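J.: Got a structure for you, written out below as structure tokens; questions coming shortly.
The values are calculated or read from the model by the stated rules, or taken from the named source; none is laboratory data. This structure is a prediction, so every number in the text was calculated from the model and none was measured. Quick reminder, even Gly has a Cβ in these numbers, built from the backbone with ideal geometry, and neighbours come from all protein chains shown. In case anyone asks, the SASA skips ligands and DNA or RNA and just uses the protein heavy atoms, side chains included. Shrake-Rupley method; radii C 1.70, N 1.55, O 1.52, S 1.80 Å.
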Amino acid sequence: MSIEEMLAGSACQDELDKVTQLQDLLAVKAEDVGALDVAYRTVASPVGDLLLAATDRGVVRVAFLHDDEDAVLQGLSDQLSPRILRAPRRLDWVAIELDEYFAGTRHSFSTPVDLALARGFRRAVLDHLPEIAYGTTASYARVAELAGSPKAFRAVGTACALNPVPIVIPCHRVVKSDGSMGLYAGGVAAKKVLLGLEAA
Amino acid sequence: MKPFEQVVRDHGTVVLRVCRALLSPADADDAWSETFLSAMQAYPDLDPGANVRAWLVTIAHRKAIDRFRAHARAPLPVESLPERQSSLGNPSEPDDELWAAVRSLPDKQRASVAYHYLADLPYREVGRLLGISEAAARRNAADGVAALRKTYQGAMS
């Protein structure tokens with residue numbers, strides 16, 4: 001192998017390990033100097049892998065990772081800020097509360113939420129969803145009433161589908177008037193799991 | 001714009017190699033951290049069409065110069081680096097030997113080799129970074145590789 005090829009050669013394991021280690025350190029330093037606009041991590045859950053992201057104001061995104069992780073990050077970069085790093089520390093709270101929720105010991109979330117990704121009526125709908133108590137459900141029409149626009153039940157469906165922080169903001173508790181489940185961004189199977197968990 | 005996470009993933013090892021070629025291992029780690037921290041702070045203002053790797057190497061280059069200046073008593077630390085031969089009879093990874101050989105090159109050769117062969121920057125960019133002409137950058141890189149061929153491959157065979 002020539003010198004030129006060796007210099008340009010692909011990264012060895014030692015280099016990859018070192019970069020991983022330096023990157024963890026970078027996340028801490030960036031947070032300290034206020035350069036980390038969006039921190040994220042992934043967690044495993046009974047409804048599949050989740051990507052959690054937070055600004056310094058609170059959890060801003062909970063994404064079901066049947067979507068491509070890179071696509072979720074690109075969306076956050078486009079809509080919030082490109083200054084994004086994997087930085088588990090800021091998400092520890094959210095991860096712990098989610099664990100407790102899935103264990104059935106937590107019925108509401110106290111972690112701060114940043115609704116920067118929802119505006120206008122969609123935002124109004126999300127503001128009212130936590131009023132639907134754990135273990136109960138409400139119809140799209142009922143949520144439209146709560147949000148102050150009784151006729152806007154279709155828009156409520158859209159708001160739920162585009163909820164940037166599902167589970168934490170319990171859009172899974174919104175069901176169709178006839179009692180059937182309706183759709184869910186995380187998939188109908190995930191909605192079933194969540195409602196089943198809360199009914200237990 | 002790509003998430004900064006992706007920038008680190010795409011260019012982290014190249015910048016590490018450049019830092020390792022220019023600086024001692026401990027200083028290389030610090031220079032890497034300083035490079036990416038500065039880059040992250042400036043990232044939202046970066047021209048979307050910019051060559052991200054060239055931009056990062058430019059920052060790393062400045063951080064390395066800062067480090068040279070910080071070690072002002074030895075402004076050319078490379079001159080004092082001994083030829084690296086394992087004294088324990090258990091030579092470390094071949095790569096380490098190669099980086100040590102790169103570090104033992106004279107300043108401009110070492111930087112030209114690092115920026116062109118490790119970071120894949122065109123000679124025009126290398127010249128701009130080092131404040132020399134494109135032709136001089138090309139010559140320095142060629143001389144550097146020739147020297148490596150002699151010292152490194154000589155030591156290996």
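J.: Identify all residues within the stretch B:124-157 that are assigned to a helix (DSSP H, G or I), more than 14 Å from every other protein chain (Cβ to nearest Cβ), open to solvent by 10 Å² or more (accessible area, probe 1.4 Å) and touching a Ser or Thr at 6+ places or on another chain (Cβ under 9 Å); write none if there are none.
T.: Once the filter is applied, which keeps residues that are assigned to a helix (DSSP H, G or I), more than 14 Å from every other protein chain (Cβ to nearest Cβ), open to solvent by 10 Å² or more (accessible area, probe 1.4 Å) and touching a Ser or Thr at 6+ places or on another chain (Cβ under 9 Å), the stretch B:124-157 yields B:Glu125, B:Arg128, B:Leu129, B:Leu130, B:Ala136, B:Arg139, B:Asn140.
J.: Whether any residue in the stretch B:17-38 is open to solvent by less than 40 Å² (accessible area, probe 1.4 Å), modelled with pLDDT under 95, closer than 18 Å to A:Ser10 by Cα and within 8 Å of chain A (Cβ to nearest Cβ) is what I want to check.
T.: yes
J.: Among the helices (runs of 4 or more DSSP H) confined wholly to the stretch A:112-169, which include 1 or more residues that are basic (Lys, Arg) and within 16 Å of the chain's Cα centre (by Cα)?
T.: Output list reads A:120-128.
J.: If the Cβ limit is 9 Å and pairs must be 6+ apart or interchain, which residue in the stretch B:104-123 that is farther than 11 Å from A:Ala8 by Cβ and free of Cβ contacts under 8 Å to residues at least 24 places away in the same chain pairs with which residue that is among the charged types (D, E, K, R) and open to solvent by 10 Å² or more (accessible area, probe 1.4 Å)?
T.: Taking only residues 6 or more apart or on different chains, the pairs are B:Pro122/B:Glu134; B:Tyr123/B:Glu134; B:Tyr123/B:Arg138.
J.: Please go through the stretch A:1-33 and pick out each residue that is small (Gly, Ala, Ser) and over 24 Å from A:Val62 (Cβ atoms).
T.: A:Ser2, A:Ala8, A:Gly9, A:Ser10, A:Ala11
J.: While we're here: Within the stretch A:73-93, take every residue that is more than 19 Å from B:Pro44 (Cβ to Cβ) and surrounded by fewer than 21 Cβ atoms within 10 Å (Cβ to Cβ) and give me the one that is nearest to the other protein chains (Cβ to nearest Cβ).
T.: It comes out as A:Pro88.
J.: Further question on the same structure: I'm checking my understanding of the structure. Among residues of the stretch A:13-44 that are of a type in the set (Val, Ile, Thr) and out of contact with any strand residue (DSSP E or B) (no Cβ under 9 Å at 6 or more places or on another chain), which one is farthest from the other protein chains (Cβ to nearest Cβ)?
T.: Out of the qualifying residues, it is A:Val28.
J.: Across the stretch A:18-49, what is the number of residues that are surrounded by fewer than 19 Cβ atoms within 10 Å (Cβ to Cβ) and of a type in the set (A, V, I, L, M)?
T.: 5
J.: Among the residues of the stretch A:150-177, what is the count of those that are of a type in the set (D, E, K, R) and touching a strand residue (DSSP E or B) at 6+ places or on another chain (Cβ under 9 Å)?
T.: Looking only at that region, the number is 2.
J.: Of all the residues that make up the stretch B:111-120, how many are in a loop (DSSP other than H, G, I, E, B) and either open to solvent by 10 Å² or more (accessible area, probe 1.4 Å) or modelled with pLDDT of 95 or more (or both)?
T.: So the count comes out to 1.
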